[in-house]
Amino acid sequence: MYILGIETSCDETAASVVFDDRTILSSVVVSQISDHARYGGVVPEIASRKHSEAISMVLEAAIADSQIPMEKISAVAVTRGPGLIGSLLVGIGAAKGIALALGIPICGVNHVHGHLFSPFLEYPDLSFPFVGLVVSGGHTSLFHLRSHEEIQLLGKTRDDAAGEAFDKVSKLLGLGYPGGPSIEKHAQGISEIPEPLPQALLERHNLDFSFSGLKTAVLRRVEKVFGRRPDSGRRGSFHQLVPNRTADEDLSRVNDIAAAFQDSITEVLTTKLFWAAENRRVDSVVVCGGVASNGLLREKVVKKAKQAGLQAVFPSPGLCTDNAAMIAARGAGLLSSGHTDGLDFDAKSRWEHNHGGSSTT
Ligand code: KG4
Ligand code: ZN
């Protein structure tokens, strides 16, 4: 069955045609990164306007690339939440229009579950149970998956998402948006961290995350190294403290801070992922979402998996960041187990992750 997937939860307008829940026939992603870059983060009002401008073109391109005539599409899967309401509504409106015009079923998909099941597009033999870490700009959560329906939340961030921490620290250091790729680039080649930053592991085996302490530690480090203080009105806010054009010597200090931050956050993510794997006695760990494209995180997870005799699975970078193929694939799974939605379903800006299965711990 050919599924049309639509994703508009944040700053990517995406559409994809997937055959069953495995084969990607087309995947079109139009990113708004350049529209938000100067604000250092996603501006919701701009995001929904941009989705609304791009959605028709993205849908047409996805259908054309798939070489599947529109009338052969058997269902539409669309991100229902969590995400920015105005953005979600653009995708949901388009999906409903198509479902109504073609007289085909529609299915609302949890964006986080889309990330969690994205590895099946490239690793069809991945078997349950496994532990999945979703690390993106909006989410940092650990799950135990026993089947397509049994998804148990094991822990989540108590404050910022990991990607959000990358973005805020990058802004502070004057390294631009999105922060992850920029911090990774500046940290490249620094293997010995001159002055490590703290790791917030909380108590042993606690699977929740907290990155606000690390963020504040970076702020203090910047103040110490550069002697700059935020003005009183902005104290504690993460505006840019280091100018874009820094002297070579300053740039090397910026790079050291970027490397220390990256090292600390990837260490926490890796440690908790393997605590969860040990706790649930699984054979595989999956890491997905935008931050999963981070090279150091991949390196650490692969190394630890080897030591523990586990399989480590990462989607390729194009499937780590937001895309509609993962939404179509997850939709295919839900539809094949009989799940559809009426044309009156709403968007959910927040959506607990235990939909479609067992309870939250
Ligand atoms: O999954 P995604 O595209 O969107 C959300 O659902 O949030 O993730 C975007 C996030 C951004 O915060 C970005 O800074 C981060 O993923 N990111 C990275 C890297 N590439 C993207 N973080 C660390 N290292 C990277 N290479
Ligand atoms: Zn995402």
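So, in the range 1-39, of the ones that are more than 15 Å from the chain's Cα centre (by Cα) and assigned to a loop (DSSP other than H, G, I, E, B), which residue ends up farthest from ligand 2 (Cβ to nearest atom)?
The first filter runs over the range 1-39 and keeps only residues more than 15 Å from the chain's Cα centre (by Cα), leaving 1-6, 15-28, 30, 32, 34-39.
Subset that is assigned to a loop (DSSP other than H, G, I, E, B): 1, 20-22, 32.
Details: 1: 25, 20: 23, 21: 18, 22: 20, 32: 14 Å.
Looking at the filtered set, the residue picked out is 1.
For residue 161, state whether it is small (Gly, Ala, Ser), at pLDDT 95 or above and within 16 Å of ligand 1 (Cβ to nearest atom). So residue 161 fits the description; yes.
Set side by side, the residues 293, 264, 284, 349 differ, and just one is over 15 Å from the mean Cα position of the chain (by Cα), buried (at least 19 other Cβ atoms within 10 Å of the Cβ), within 16 Å of ligand 1 (Cβ to nearest atom) and not basic (Lys, Arg), which is 264.
Annotation note: of 322, 341, the sole residue that is more than 16 Å from ligand 1 (Cβ to nearest atom), touching a residue at least 40 places away in the same chain (Cβ under 8 Å) and of a type in the set (Asp, Glu) is 341.
Return yes or no: is residue 187 closer than 21 Å to residue 291 by Cβ, touching a Pro at 6+ places or on another chain (Cβ under 7 Å) and at pLDDT 90 or above? No. Within the range 310-342, the residues that satisfy the criterion of being within 16 Å of ligand 2 (Cβ to nearest atom) and among the aliphatic types (A, V, I, L, M) are 319, 324, 325, 326, 327, 328, 329. Apart from one condition, residue 177 fits all of (1) in contact with a Leu (Cβ under 6 Å, 6 or more places away or on another chain); (2) within 11 Å of ligand 1 (Cβ to nearest atom); the exception is (1).
Taking first residues from the range 87-116 that are without any contact (Cβ under 8 Å) to a residue 40 or more places away in the chain and partners that are within 16 Å of ligand 2 (Cβ to nearest atom) and of a type in the set (A, V, I, L, M, F, W, C), no Cβ contact under 8 Å between residues at least 6 apart in sequence or on separate chains turns up. The set of residues in the range 107-144 that are assigned to a loop (DSSP other than H, G, I, E, B) and either within 14 Å of ligand 1 (Cβ to nearest atom) or in contact with a helix residue (DSSP H, G or I) (Cβ under 6 Å, 6 or more places away or on another chain) (or both) comprises 126, 136, 137, 138, 139.
The residue of the range 81-137 that is nearest to ligand 2 (Cβ to nearest atom), among those that are within 15 Å of residue 330 (Cα to Cα), surrounded by 21 or more Cβ atoms within 10 Å (Cβ to Cβ) and more than 19 Å from the chain's Cα centre (by Cα), is 107. Taken over the range 45-60, the criterion of being surrounded by fewer than 17 Cβ atoms within 10 Å (Cβ to Cβ) and either touching a residue at least 40 places away in the same chain (Cβ under 8 Å) or part of a loop (DSSP other than H, G, I, E, B) (or both) is satisfied by 45 alone.
The values are calculated or read from the model by the stated rules, or taken from the named source; none is laboratory data. Since this is a predicted model, take the numbers as computed values, not measurements. All Cβ positions, even for glycine, are placed from backbone atoms using ideal geometry, and neighbour counts span all protein chains on display.
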